[in-house]
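Notes follow the structure.
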Amino acid sequence: MDGFQRRKRELAYQGTVMKVYRDYVEINGHQAVWDYFEHKGGAAVIPITKDGKIWMVRQYRNAIDRYTLEIPAGAFDTEEESGADCVARELEEETGFCAGKLEWLVTIRSMVAFCNEKVEIFVATDLIPSTQHLDKEESITLEAYTMAELKEKIFSGEIEDSKTVAALLAYMVKYQA
């Protein structure tokens, strides 16, 4: 890009799901220091029941210190893991269902100003009952809603999670418009 050049990147912190860097950038002759969060990415899924409802997970999120209502999702286990493999694993872990059919819907970048996180979003249908097996630090309640109920929860502010909002609205436009 014209006028932008990263001169240096220093690792400032390494956590379990992301690394935080300090980037030294030249912008049109001016020196700037930016934070950059490197995230390994992940996948999310909209699980559709036989009667057309959507399985959602309610779980505690430490960053905002409250329970949220979200679509099932998780981070990639490895750099080589595909979005479909990741979401199939997370769907079964969090909901206790396997997808008979899995279709890619959309890919989002959640915070492009300072983070490279990419989330691949899928729709799962023909759900097959299996066994929920949560990670030991997870506490998830499974709840089913109609798209109309979820749309109301988005616009009332109850659902704020960006991947969930983007996924549900994309699903609504593609499949219910």
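The values are calculated or read from the model by the stated rules, or taken from the named source; none is laboratory data. In this text the structure is predicted, and so the values were computed from the model without any measurement. Ideal geometry is used to build each Cβ from the backbone, glycine not excepted, and the neighbour counts take in all protein chains shown. Keep in mind that these areas ignore ligands, DNA and RNA; they rest on the heavy atoms of the full protein, side chains included. Shrake-Rupley method; radii C 1.70, N 1.55, O 1.52, S 1.80 Å.
Structural remarks
- Candidates 52, 29, 41, 3: the one that is on the phi > 0 side of the Ramachandran plot and in contact with a Lys or Arg (Cβ under 9 Å, 6 or more places away or on another chain) is 41.
- Pairs, first in contact (Cβ under 8 Å) with a residue 60 or more places away in the chain in segment 62-91, second of a type in the set (Lys, Arg) and surrounded by fewer than 21 Cβ atoms within 10 Å (Cβ to Cβ), C-beta under 6 Å, six or more apart: 68/61; 69/58
- Positions within segment 157-169 being in a helix (DSSP H, G or I) and open to solvent by 30 Å² or more (accessible area, probe 1.4 Å), in sequence order: 162, 165, 166, 169
- If you check 142, 69, 102 for being under 15 Å from residue 53 (Cβ atoms), open to solvent by 40 Å² or more (accessible area, probe 1.4 Å) and outside any helix (DSSP H, G or I), only one passes: 142.
- Any hit, segment 148-156, residues being closer than 30 Å to residue 22 by Cα and either surrounded by fewer than 18 Cβ atoms within 10 Å (Cβ to Cβ) or touching a Ser or Thr at 6+ places or on another chain (Cβ under 8 Å) (or both): no
- Considering the conditions (1) without any contact (Cβ under 8 Å) to a residue 60 or more places away in the chain; (2) farther than 23 Å from residue 122 by Cα; (3) surrounded by 11 or more Cβ atoms within 10 Å (Cβ to Cβ), residue 35 is excluded by exactly one of them, (1).
- Contact map, segment 112-130: residues that are assigned to a strand (DSSP E or B) paired with residues that are among the basic types (Lys, Arg), Cβ distance under 6 Å, separation 6+ or inter-chain. Pairs shown: 118/109; 119/163; 125/101.
- Residue match in segment 72-85 (condition: among the β-branched types (Val, Ile, Thr) and at pLDDT 95 or above): no
- Long-range neighbours under 9 Å by Cβ, at least six apart or interchain, first residue free of Cβ contacts under 8 Å to residues at least 60 places away in the same chain within segment 152-177, second assigned to a loop (DSSP other than H, G, I, E, B) and among the small types (Gly, Ala, Ser): 162/110
- Of the criteria (1) more than 17 Å from residue 160 (Cβ to Cβ); (2) open to solvent by less than 40 Å² (accessible area, probe 1.4 Å); (3) among the aliphatic types (A, V, I, L, M), which one residue 119 fails: (1)
- Restricting 90, 79 to residues that are open to solvent by less than 80 Å² (accessible area, probe 1.4 Å) and either charged (D, E, K, R) or under 22 Å from residue 154 (Cβ atoms) (or both) narrows the list to 90.
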